Amino acid sequence: MSEREPNRKDSRLRSSSSLLDDLGQGDIRGAFGTIRVSDAAPRRTWRRRLLTLAAIVGPGLIVMVGDNDAGGVSTYAQAGQDFGYTLLWTLVLLIPVLIVNQEMVVRLGAVTGVGYARLISERFGRFWGLFSVGGIFLLNFLTISTEFMGVSLAGQYFGLHPAIVVPAAAAILIVITISGNFRRWERAMFVFLFASLLVLPLVVLSHPDPGAALKGFVIPGVAGGLTSNSALLIVAVVGTTVAPWQLFFQQSNVIDKRITPRWLEYEKADTVLGAFVVVVGAAAIMMATASAFTGTSQFGHYQDALRVAQGLHVNISPAAGAIFALLLFDASIVGASAVTLATSYAFGDIFGLRHSLHRGIREAKLFYSTYTGMVVIAAAIVLIPHAPLGLITTAVQALAGIMLPSATVFAVLLCNDRQVLGPWVNKPWLNAVAGVIVGAMLVLSLILVVSTVIPSIDVTALLVVLGTGAAIVLVVGGVWSSVSARGRPRELEMSREERESWRMPALALLERPIWSLPRRAALAALSTYLVLSIVLLAVKAVQIAVQH
């Protein structure tokens, strides 16, 4: 079989979803059940609904738990060790952000059958497709490296040399992915997902202060006040909890699992469940480390996850240290698999390659070669001695927070494209929520950028100024959107059956959207800001490294 489509133009003229990989259509074969493509029976009883959910569940849980990867575990642990319980409120605010962002790509995947990277390229032009994918390639590769850092540090806690445990982890990742069997891969992921439940005994063993934890959840604040360093960590918490790679992964994984609009509500339930699971896990780690280090000489002096595990061992119990190290290893495997797959999916999307876990190695050589190559190179980088692992982890998560607004902007634009989503386009309230999310992300990253350029600036005052400016822009934008919407023709009413059977026509049949001058200017400004922010983040990382 040829790796590329014999005639890409012909493939784009296919009816319905215009899939580059025809194995994206067929029976849903999930870890816990099968739904035949011919299954048209209604789900009237709770038993039938639960069995259907069991077959569908997977992409949402995997993308969310994969988000609590090595970088996530390390970042939450740093938040607890350096700031106690005072950053727990950030996790509560991130629940709706997670759900809104991921629900949009779930819809895009189920209705279009086309990956996120390809949709951006086809609807906004090759430049923007390459720009978004280039950024995600860089971020994902660095993120995969942090996963192997987590493997290395977890192994060191148990006395295992990195030269043994890192290659072993890389081999595990490659073996469970290149089988050419989607169900086998998903079941392997669920083994690691169930292992992540170790956060529950960890938080129980740590005996967190319930009063301080409750205050941390409901009263926003930062121990020691808001500074450039604490702003960096908050951006890192946001970046590790709501990461850009999640958008690329879940949309492609929904397609790979063959989920169509008929099963959309079940996949949304999978996503909502995953959002709560990831926040519970993050909060448990933050509370455990806050309990372990508050009142000790190590409080406020985070180094890396290995020192956190050793601190839990000394300050709580040997069992707590061992559980944290196991969680770190487990999170690294799940995260590495999901992030690497997200990159391989995007690579296949943008370059027109076959990219499906249903295909064997012979049918999708470049897809699996890309996956294997990234795993091997990232693992090799981690074996370089004397690398500042803790600093790299925090910087990568902050980079994810900086890149999130641009990734979310494309999701919002695509979800308002009636040619792409038809009756499934965003409702006005969802656009308003998405606008607030993008505004908040931009404010946080702007604080990081400005405080890096002007270290002496009052960060609290800067937050007030930027927050007020963002609020004004959002209100003006909302009013303009509401006024401009009045002149548009009303959308045709559709029955539920019609909505569930609606799929995007072939991409070649769609007219490119006409970009207004303000939209072009806004996207150009956003991309320029993104590049500038990444450069200044590197400067900030070097400053912190020199201080230590």
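The values are calculated or read from the model by the stated rules, or taken from the named source; none is laboratory data. Bear in mind that the values here come from a model prediction, so they are computed numbers and not experimental data. Methodologically, a virtual Cβ is constructed for each residue, glycine included, from the backbone with ideal geometry; neighbour enumeration extends over all protein chains shown. The area values use the complete protein model at the heavy-atom level, side chains included, leaving out ligands, DNA and RNA. Shrake-Rupley method; radii C 1.70, N 1.55, O 1.52, S 1.80 Å.
Before moving on, here are some points about what is shown:
- Backbone N under 11 Å from the LEU430 label point (7 Å along Cα→Cβ), restricted to the stretch 89-104: 100-104
- Kirkwood-based Rg to Rh ratio, the stretch 19-106, C-alpha trace: 1.13
- Protein accessible area in the stretch 245-380, 1.4 Å probe - carbon and sulfur %: 66
- Percentage, to the nearest whole number, of Cα pairs in the stretch 240-378 over 27 Å apart: 40
- P(r) tail for the stretch 214-309: Cα pairs beyond 20 Å make up 54% of the total.
- Sequence ranges 376-383, 42-49, ranked by mean other-Cβ count within 10 angstrom, highest first: 376-383, 42-49
- Only one residue of VAL272, LEU413, SER344 has its Cα farthest out toward the positive end of the dipole of the chain, where Lys and Arg carry +1 and Asp and Glu -1 on Cβ, and that residue is LEU413.
- Averaging the sequence gap over all C-alpha pairs within less than 8 Å and six or more residues apart, then dividing by the number of residues, gives the chain a relative contact order of 29 percent.
- Each helix, a run of at least 4 DSSP H residues, gives -39500 (n - 2.57); summed and divided by the residues of the chain, these come to -24000 deg cm²/dmol at 222 nm.
- Å² of accessible area per residue within the stretch 291-333, as computed with a 1.4 Å probe and no ligands counted: 39
- Modelled label positions at ILE472 and HIS301, each set 7 Å beyond Cα in the direction of Cβ, lie 4.5 nm from each other.
- About its Cα centre, the dipole of the chain is roughly 1420 debye, where the only charges are +1 on Lys and Arg Cβ and -1 on Asp and Glu Cβ.
- Binned Cα-Cα distance frequencies in the chain - 10 Å width, integer %: 4, 19, 30, 27, 16, 5, 0
- Residues listed by number, the stretch 26-67, amide nitrogen under 13 Å from ALA269 label point at 7 Å toward C-beta: 43-58
- Solvent-free Debye scattering, log10 I(q)/I(0), computed from the Cα coordinates of the stretch 101-158 at q = 0.15, 0.20, 0.24, 0.26 Å⁻¹: -0.62, -0.81, -0.94, -1.00
- Take the convex hull of the alpha carbons in the stretch 86-230; its mean projected area over all directions comes to 13.4 nm².
- Computed about its Cα centre, the charge dipole of the stretch 116-230 is approximately 380 debye, with only Lys, Arg, Asp and Glu carrying charge at their Cβ.
- Under 26 Å, Cα to Cα: Lys pairs in the chain, sequence gap 8 or more or different chains: 5
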